[in-house]
Amino acid sequence: MESIHYVVIKYCDVFICIVPSIAPSNLRDTSITSRSVTLEWNVISCEERNGLILSYDIQFAPVGDNNLILTNTGSNTVQFTITGLTPFTSYNFSVAGVNINGTGPFSMFIGPLTTSEDGNYIM
């Protein structure tokens with residue numbers, strides 16, 4: 001009986017993980033309240049996705065604050081509402097596509113977007 005030998009090639013050493021090549025375009029706000037901002041953006045073109053877009057990362061911070069807050073949409077939707085914001089505060093926002101290999105480049109920041117007052121202040 002002839003024996004069969006299998007050769008296993010380890011591709012990990014030569015495999016290059018490719019994240020999305022470009023950021024989503026046309027990031028814009030569609031709604032602003034005292035404690036939330038709803039953002040919307042255009043999808044990354046098929047040629048630039050480098051795989052299926054699984055979700056989007058959004059980074060934001062109050063104007064003048066260098067400590068960016070990162071949140072993930074949890075799906076490949078192109079609209080997301082950020083909640084828990086502080087009333088009458090200006091924020092900057094940016095978005096990036098996420099595929100199985102990781103997060104692509106972030107878009108240019110938009111803003112400042114200023115949340116409205118909620119009328120619950122005690123003077």
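The values are calculated or read from the model by the stated rules, or taken from the named source; none is laboratory data. This structure is a prediction, so every number in the text was calculated from the model and none was measured. A quick note on method: Cβ atoms are made from the backbone with ideal geometry, for glycine too, and the neighbour counts reach across all protein chains shown.
Can you find a residue in the stretch 46-57 that is of a type in the set (A, V, I, L, M), within 11 Å of Phe93 (Cα to Cα) and at pLDDT 95 or above? I'd like the intermediate steps shown before the answer.
Quick first cut of the stretch 46-57, residues of a type in the set (A, V, I, L, M) only: 52-54.
Next cut, within 11 Å of Phe93 (Cα to Cα) only: none.
Checking the stretch 46-57: not a single residue is of a type in the set (A, V, I, L, M), within 11 Å of Phe93 (Cα to Cα) and at pLDDT 95 or above.
Taking the stretch 13-117 as the region of interest, the strands (runs of 3 or more DSSP E) fully inside it that hold 2 or more residues being touching a helix residue (DSSP H, G or I) at 6+ places or on another chain (Cβ under 9 Å) are 90-99. For Thr73, the requirement of being out of contact with any Lys or Arg (no Cβ under 8 Å at 6 or more places or on another chain) and either surrounded by 17 or more Cβ atoms within 10 Å (Cβ to Cβ) or within 19 Å of Arg28 (Cβ to Cβ) (or both) is met.
Only one of Leu68, Leu85 is surrounded by fewer than 17 Cβ atoms within 10 Å (Cβ to Cβ) and at pLDDT 95 or above; which? Can you show your working first?
Numbers: Leu85 fails: surrounded by fewer than 17 Cβ atoms within 10 Å (Cβ to Cβ).
The match here is Leu68.
Report whether or not Thr81 is closer than 23 Å to Pro20 by Cα and within 11 Å of the chain's Cα centre (by Cα). No: the conditions fail for Thr81. Among residues of the stretch 102-116 that are within 17 Å of Leu54 (Cα to Cα), those with a Cβ under 7 angstrom from a residue that is loosely packed, with under 14 Cβ neighbours inside 10 Å and not polar (S, T, N, Q), sequence gap 6+ or separate chain, pair up as Gly102/Cys17.
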